[in-house]
1. Report, as a whole number in µm² per second, the diffusion coefficient that Stokes-Einstein gives for the stretch 23-173 at 20 °C and 1.002 mPa s using the Kirkwood radius over alpha carbon pairs.
2. Hey, with R₀ at 30 Å, roughly what FRET efficiency would residue 46 and residue 148 work out to, going by the Cβ-Cβ distance, to 0.05?
3. So between residue 75 and residue 176, what do we pick up on full extension, going 0.36 nm a residue minus the alpha carbon distance?
């Protein structure tokens, strides 16, 4: 019967349950953060678009007062002016009646007084309307500047998703590191097994050779294990398997 060497046999080792659990936890965390980022970013984008539209409307509007308020203020001015004019006209009429030489005929002094009173009232009305317009415009400028300032800082609405994105990036790194560690564990275990097996096999063959054939080489004759006059594989050259010894197959002759 001849014995033939068939080479090393290595058994790889999967990552431990703790390593697999760590990778699963890292993957789950990264998935959770990714989903949270998408949801938060969507909400922030909706808020951004809504605020931006409102701020743009404010910034482009030249009026600081809303139309209803502006109309109410102007209407109030006109009503007061009309009431004042009516009262002034009545007072002029009463005064003119007492000073007119001819009843029912207005003299020059009365006419001049009436004209002056009406002019003063008209000036007061227009001044008040003008002040309201100025107030409206100035307030519009203030609101525009505030709106532009808010627009400049509008990106801050994304602060939450930005924070999540940073944590997500860290989780991706941890997931990748754990996956690499698991892969390295498999590779290092295979090398460790091969190294242990080689060392063990070397010690075994040395012991066998020195014990069975003291002082002999790798070739035996006469009563040697390979048979008289034959040359077989030397025991010292046998290659180990991962279990500390050589792997052989047997071929019957």
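1. Calculated translational D: 100 µm²/s.
2. 0.85
3. Length difference between fully extended and current span is 29.2 nm.
Values quoted throughout were computed directly from the atomic coordinates according to the rules given, and no laboratory measurement underlies them. These numbers come from a predicted model, not from an experiment. We place every Cβ from the backbone using ideal geometry, glycine too, and count neighbours over all the protein chains shown.
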